[in-house]
Amino acid sequence: MSASVSMPLGGVQVASYDSYERAQAAVDHLSDEKFPVENVTIVGSDLRQVEKVLGRLTTGRAIAAGAAGGAWWGLFVGLLLGIFAVDGAGWIGSVLTGLLVGVVFGALFGWMGYAATQGKRDFTSVSRIVANKYDVMCHPAHAEQAREILARFSLRF
């Protein structure tokens, strides 16, 4: 899909919301009303990055997190190798060996990764991009119909 010079990317604005959930609900309402939603775009503007700090990162936590991740990989590899086991004892041995090796290497890599930061980032966090407003845009040929439907929708809030 290409945008023409005369029409802004996404079309013309038919509604604006302060949260993505409300914009999504509006488009869902358009869909429920049998509106051709393939003509609709949600555009977030005034973007900002929000980083939520989850807690302090210590050597012990870094090692534990590495060991946990390594355990999952080791379990996966152990299960794959267990397919080729001749008997039940061989299968259990493959799974436990994979698990143990995964824990050891995961803990080692967790410790090395933490040590490499040299204390410059002693916390864990999650980041996400959020917008200050979300505009519901529509192709100009369907914009008036979308505005009418969304006007009735906004009365329900």
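The values are calculated or read from the model by the stated rules, or taken from the named source; none is laboratory data. Please read all numbers here as calculations on a predicted model, not as lab measurements. Don't worry about glycine lacking a Cβ; one is built from the backbone with ideal geometry, like all the others, and counts go over all protein chains shown. Keep in mind that these areas ignore ligands, DNA and RNA; they rest on the heavy atoms of the full protein, side chains included. Shrake-Rupley method; radii C 1.70, N 1.55, O 1.52, S 1.80 Å.
Restricting attention to region 81-100 and to residues that are in a helix (DSSP H, G or I) and open to solvent by 70 Å² or more (accessible area, probe 1.4 Å), the residue that is farthest from D122 (Cα to Cα) turns out to be A89.
Of all residues in region 141-155, exactly one satisfies the criterion of being loosely packed, with under 14 Cβ neighbours inside 10 Å, touching a residue at least 60 places away in the same chain (Cβ under 8 Å) and touching a strand residue (DSSP E or B) at 6+ places or on another chain (Cβ under 9 Å), namely S154. Of the residues making up region 38-50, just one is buried (at least 17 other Cβ atoms within 10 Å of the Cβ) and in a helix (DSSP H, G or I), namely N39.
Residues of region 51-80 that are in a strand (DSSP E or B) and open to solvent by 60 Å² or more (accessible area, probe 1.4 Å): E51, K52, V53, L54, R56. Screening the candidates G66, G82 for the property of being at pLDDT 95 or above and either of a type outside the set (D, E, K, R) or out of contact with any strand residue (DSSP E or B) (no Cβ under 8 Å at 6 or more places or on another chain) (or both) yields one hit, G66.
Entry remark, region 25-37: residues being out of contact with any strand residue (DSSP E or B) (no Cβ under 7 Å at 6 or more places or on another chain) and either closer than 30 Å to L108 by Cβ or surrounded by 11 or more Cβ atoms within 10 Å (Cβ to Cβ) (or both) number 9 in total. Of all the numbered requirements in (1) touching a strand residue (DSSP E or B) at 6+ places or on another chain (Cβ under 8 Å); (2) open to solvent by 60 Å² or more (accessible area, probe 1.4 Å), S16 misses one, and that requirement is (2).
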